[in-house]
C-alpha cells in the first residue's frame, strides 16, 4: 500500500463515527444539534480529527491547493465507504471564500486555530447547511480549519460577488 493510501485509510477510520451519524440523518438543524451534542469540540473524536488534520497539513498531503490564507483540497471522494459523502478540508485565514451552493447540503466541522476565530460567525463545533443553501464561506478573527462533508460530493460554485 502506498503511503498516501495508508494516510487516507487512517483518516477514514478517524472520521468513521461522524460518517455513521450523518449516514442515518436528514441534512438539517437536527443533525447539527446531534453532532454538537454527540461529538462536541471537547470530545476525543473531535480532537482526534482536528489533530489528524493538523498533522496531514504539516506533512503536506492535505490542503495542497490554493495559497497563503486559503488552502484546500478534497481528502475523500463520495463513495459507499464514506456514506456517499465527500470530505474536503480548508485552511482559511481572515478570508471570504468563493460563493457556492449546496444542492444536497453541507456539514461543516469548524476547528479554530486562532483563539476567537470564527467560520460563518461560529466558533468550534458543527454547522449544517441544508440542501439548496448557499454562502460565501468566511473566516474572521484569525485562522480556522474546516472539514466539510458534501452528500454525493455535490457543490456548485457561482459567480456571485461579495
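Bear in mind these aren't lab numbers, they're just calculated from the coordinates by the rules spelled out. Note that the structure is a prediction, hence the values are computed from the model and not measured. For neighbour counting, all protein chains shown are included, and Cβ atoms are generated from backbone atoms with ideal geometry for every residue, glycine included.
What percent do you get for the relative contact order of the chain when only Cα pairs under 8 Å and 6+ apart count?
So the answer I get is 23 percent.
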On a full-extension model of 0.36 nm per residue, what is the gain between residue 156 and residue 9, subtracting their alpha-carbon distance, rounded to one decimal in nm? 50.2 nm
Distance between Cα centroids, the range 98-137 to the range 10-83: provide it in whole Å. 13 Å
First measure r as the distance between the Cβ atoms of residue 134 and residue 44, then evaluate 1/(1 + (r/R0)^6) with R0 = 25 Å and state the FRET efficiency to the nearest 0.05. 0.15
Using helices alone, I'd like the mean residue ellipticity at 222 nm for the chain: each DSSP H run of four-plus residues gives -39500 (n - 2.57), total over residue count, nearest 500. -9500 deg cm²/dmol
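Which shape class applies to the chain: rounded if a/c is under 1.5, otherwise prolate when a/b exceeds b/c and oblate if not, where a ≥ b ≥ c are the square roots of the Cα gyration tensor eigenvalues?
rounded
Give the shape of the range 13-77 as rounded, prolate or oblate, defined through the alpha-carbon gyration tensor: a ≥ b ≥ c are the square roots of its eigenvalues, a/c under 1.5 means rounded, and otherwise the shape is prolate if a/b is larger than b/c and oblate if not. Provide the component values of the computation, followed by the final result.
Numbers: a/c = 2.18, a/b = 1.77, b/c = 1.23.
Prolate, since a/c reaches 1.5 and a/b exceeds b/c.
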